[in-house]
1. Out of Phe102, Phe94, I need the residue that is at pLDDT 95 or above and within 14 Å of Leu8 (Cα to Cα). Which one?
2. Within segment 1-36, can you find the residues that are in contact (Cβ under 8 Å) with a residue 60 or more places away in the chain, of a type in the set (Gly, Ala, Ser) and surrounded by 12 or more Cβ atoms within 10 Å (Cβ to Cβ)?
3. Give me the residue from segment 38-68 that is small (Gly, Ala, Ser) and over 13 Å from the mean Cα position of the chain (by Cα) and, out of that set, nearest to Ala19 (Cα to Cα).
4. Any idea how many residues of segment 44-55 are part of a loop (DSSP other than H, G, I, E, B) and either in contact (Cβ under 8 Å) with a residue 40 or more places away in the chain or polar (S, T, N, Q) (or both)?
5. Return only the number of the condition from (1) in a loop (DSSP other than H, G, I, E, B); (2) out of contact with any helix residue (DSSP H, G or I) (no Cβ under 8 Å at 6 or more places or on another chain); (3) under 15 Å from Val101 (Cα atoms) that Glu34 does not satisfy.
Amino acid sequence: MIRVARQLNVYTNRTNTVAVDLGVDITGNTITSEIRSEPKTGSTLIATWTVAITNAVLGTLTLTLDNSATSSITASSAYMDIKRIVSGEPVPVFDEPLEVVFIEAVTS
């Protein structure tokens, strides 16, 4: 697992892109990531990141939230993590859920 910053800022009404370096070979893995209202699976789903693996051998990927998804977010904060499926088994990536803070864009 990797240690991450305590908080990720996501701008509403904007497309948000986050580069992630897992530091391990993720060839053949399935990667998913969701933002939820509470740090637990059963809580309200706020948004789902689009995941693009940029280099599987190096373990790099890009998470994207389109402005069409962020425009409907009314929450001020939430939580996210990243899940890897390795040989059919779900494994955590972070050592704890990451807090997401939603920031309203200024320029219309």
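The values are calculated or read from the model by the stated rules, or taken from the named source; none is laboratory data. All values derive from a computational prediction rather than experimental measurement. Positions of Cβ are backbone-derived with ideal geometry, glycine not excepted, and every protein chain shown enters the neighbour counts.
1. Numbers: Phe94 fails: at pLDDT 95 or above.
When all the criteria are applied, what remains is Phe102.
2. none
3. To start, the set of residues in segment 38-68 that are small (Gly, Ala, Ser) comprises 42-43, 47, 52, 56, 59, 68.
Those left that are additionally over 13 Å from the mean Cα position of the chain (by Cα): 42-43, 56, 59, 68.
Values: Gly42: 27, Ser43: 26, Ala56: 13, Gly59: 11, Ser68: 20 Å.
By that ranking, first place goes to Gly59.
4. Final tally of qualifying residues: 1.
5. Going through the list (1) in a loop (DSSP other than H, G, I, E, B); (2) out of contact with any helix residue (DSSP H, G or I) (no Cβ under 8 Å at 6 or more places or on another chain); (3) under 15 Å from Val101 (Cα atoms), Glu34 breaks only (1).
A quick yes/no check of all residues on (1) without any contact (Cβ under 8 Å) to a residue 24 or more places away in the chain; (2) of a type in the set (Phe, Trp, Tyr); (3) out of contact with any Cys (no Cβ under 7 Å at 6 or more places or on another chain); (4) not in a loop (DSSP other than H, G, I, E, B):
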{"residue": "Glu38", "(1), (2), (3), (4)": "no, no, yes, no"}
{"residue": "Gly42", "(1), (2), (3), (4)": "yes, no, yes, no"}
{"residue": "Val57", "(1), (2), (3), (4)": "no, no, yes, no"}
{"residue": "Thr62", "(1), (2), (3), (4)": "no, no, yes, yes"}
